[in-house]
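The values are calculated or read from the model by the stated rules, or taken from the named source; none is laboratory data. This one's a predicted model, so the numbers in the text were calculated from it and none came from an experiment. Neighbour counts run over all protein chains shown; Cβ positions are idealised from the backbone, glycine included.
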Amino acid sequence: MARKTHVTTTINGEETQFLCEPRNTLLEVLRDDLDLTGSKEGCGNGNCGACSVILNGRVVDSCLVLAVETEGADVQTIEGVATPEGLHPLQQKFLEHAALQCGICTPGFIVAAKALLDREPNPSEERIRLWLAGNLCRCTGYDKIIRAVMDAAETMETA
Amino acid sequence: MYDFEYATPTTVDEAVSILAENGEDARILAGGTDIIAQLKENRRVKVLVDVKKIQETTALSYHSAAGLSVGAAVPCCEAYETEEIAAAYPGLTDAMTLIGSIQIQSRATITGNLCNSSPAADSIPAMIALGAVAKIVGPNGEREVAVDSFCTGPGQNVLENGEFVLSVHFPAPAANSGGFFLRFIPRNEMDIAVANAAAYVVLNDAKTHFESARLAVGAVAPTPLLIEEAGSLLAGKEIDDDIIQQAADLAKGQANPITDMRGTVEQRIHLAGVLSKRAINGAVQRAKES
């Protein structure tokens, strides 16, 4: 068996160290070793976006990233979105707009939407729909999600 | 996933020696959007060679005279987010912004798309139309292969033992030129092409005639195809629907597709013509606006 590798990375602003095999994905390490179970495994092959995290400022599917690749990287997961002061506006607006039912896709949507708003504070509806095309929801439907993101963007702009 | 070793060479020579030593048992990791998905489907690899620590693979440069150079590890979004690149190579940008989702574009590279050598790859026809050249490194040093000659069959290419693609180079866009790429998929986003097409045209100063043109189609043959005869036909001709239709018909004539879950032979041949016409028209429109 390949030797385990010692990886040092920054997760949600905190330096984090873990041991992993080369074949472990970032998603596996987050969930199984670091108890950060907010990122979900949906398809496991980069189609559904449930495992979205922000890696060095870009939103990626953590099921298609090897944990060993994250040496020295900056990783933001859903666990880092809220602050001790309260929910992120995206989380608050998802609640207000009832933009979730079963909730499995929700962390991925919020992380992906945050990656967009971090870059583009005032995106058009079309831009949001295109950006979130890599996040699948099988129960709520997309309109409530898009409205929640648009409302969050507006709230953040006026805040 | 089956077990494998992970290597992070920091120089080209180091990467080449690992690849040469392990042959087919070694595979390259750049963006990982194909290879990690394949490993999850139980593909066996002895050593995965992550090339992202090699400085040359992360280089991205564009000069209006020298053209564009895209390192093997540069993700699609980094290339198209660079405004001058998106403006100079709109046909390539069309393709890069269509490959998978934003999550995929954050990691996927055009070199990976090229080396995966799928007949339906979206960026390959765009690269062919632009006359892109792959810079290959290996045990015998460097060599350059035009992207239009790179793929040799589905999933197969000219890379030999110990070789890998270090970067892809694009000539500077000519004056009065335009590029365009499009594909047909049965939904709006996030799918694999039933067929695709790319065109790059250079017009005369009055923008009434073609000076030169390159047309490429994908997913209609074992490899993406350059339709050389279309370029020869269009060169020097006045821009009109009839001559563009004739060029598109040449693409139809060279299409040699299969029937699979995405489409039939008949549909793909038809699409090769329709998409070629639209690609040329799109490229002409952009050249006129340039």
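Looking across region A:110-147 at every residue that is among the small types (Gly, Ala, Ser) and more than 9 Å from every other protein chain (Cβ to nearest Cβ), the one that is nearest to the chain's Cα centre (by Cα) is identified as A:Ala113.
Residue-by-condition table, conditions (1) part of a loop (DSSP other than H, G, I, E, B); (2) touching a strand residue (DSSP E or B) at 6+ places or on another chain (Cβ under 7 Å); (3) modelled with pLDDT of 95 or more; (4) farther than 29 Å from B:Ala79 by Cβ:
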residue: A:Ala2; (1), (2), (3), (4): yes, yes, no, yes
residue: A:His6; (1), (2), (3), (4): no, yes, yes, yes
residue: A:Thr16; (1), (2), (3), (4): no, yes, yes, yes
residue: A:Leu19; (1), (2), (3), (4): no, yes, yes, yes
residue: A:Gly42; (1), (2), (3), (4): yes, no, yes, no
residue: A:Ala50; (1), (2), (3), (4): yes, no, yes, no
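Can B:Leu215 be described as of a type outside the set (Ser, Thr, Tyr) and assigned to a strand (DSSP E or B)? In short, yes.
Look at B:Arg183 and say whether it is closer than 18 Å to B:Ala287 by Cα, of a type in the set (Lys, Arg), buried (at least 21 other Cβ atoms within 10 Å of the Cβ) and touching a residue at least 12 places away in the same chain (Cβ under 8 Å). Before the answer, list the steps.
Details: closer than 18 Å to B:Ala287 by Cα: no; of a type in the set (Lys, Arg): yes; buried (at least 21 other Cβ atoms within 10 Å of the Cβ): yes; touching a residue at least 12 places away in the same chain (Cβ under 8 Å): yes.
For B:Arg183, the condition - closer than 18 Å to B:Ala287 by Cα, of a type in the set (Lys, Arg), buried (at least 21 other Cβ atoms within 10 Å of the Cβ) and touching a residue at least 12 places away in the same chain (Cβ under 8 Å) - is not met.
Residues of region B:165-182 that are outside the structural domain of B:Ala86 (by TED's automatic domain parsing) and in contact with an Asp or Glu (Cβ under 6 Å, 6 or more places away or on another chain): B:Phe181 alone.
Only one of the listed residues (B:Ile239, B:Ile244, B:Ile258, B:Ile192) is out of contact with any Gly (no Cβ under 9 Å at 6 or more places or on another chain), β-branched (Val, Ile, Thr) and buried (at least 23 other Cβ atoms within 10 Å of the Cβ). That residue is B:Ile244.
Within region A:58-83, if we keep just the residues that are in contact (Cβ under 8 Å) with a residue 60 or more places away in the chain and more than 16 Å from B:Lys53 (Cα to Cα), the residue that is nearest to the other protein chains (Cβ to nearest Cβ) turns out to be A:Asp61.
Listed here are the residues, each with its yes/no results for (1) assigned to a loop (DSSP other than H, G, I, E, B); (2) touching a Gly at 6+ places or on another chain (Cβ under 9 Å); (3) in the same structural domain as A:Thr10 (by TED's automatic domain parsing); (4) surrounded by fewer than 17 Cβ atoms within 10 Å (Cβ to Cβ).
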position: A:Val75; (1), (2), (3), (4): no, no, yes, no
position: A:Ala99; (1), (2), (3), (4): yes, no, no, no
position: A:Gly103; (1), (2), (3), (4): yes, no, no, yes
position: A:Ile110; (1), (2), (3), (4): no, no, no, no
position: A:Lys114; (1), (2), (3), (4): no, no, no, no
position: A:Pro121; (1), (2), (3), (4): yes, no, no, yes
position: A:Leu132; (1), (2), (3), (4): no, yes, no, no
position: A:Gly141; (1), (2), (3), (4): yes, no, no, yes
position: A:Ala153; (1), (2), (3), (4): no, no, no, no
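Scan region A:44-56 residue by residue and report those that are more than 7 Å from chain B (Cβ to nearest Cβ) and either within 13 Å of B:Ile104 (Cα to Cα) or touching a residue at least 24 places away in the same chain (Cβ under 8 Å) (or both).
A:Asn47, A:Cys48, A:Ala50, A:Cys51, A:Val53, A:Ile54, A:Leu55
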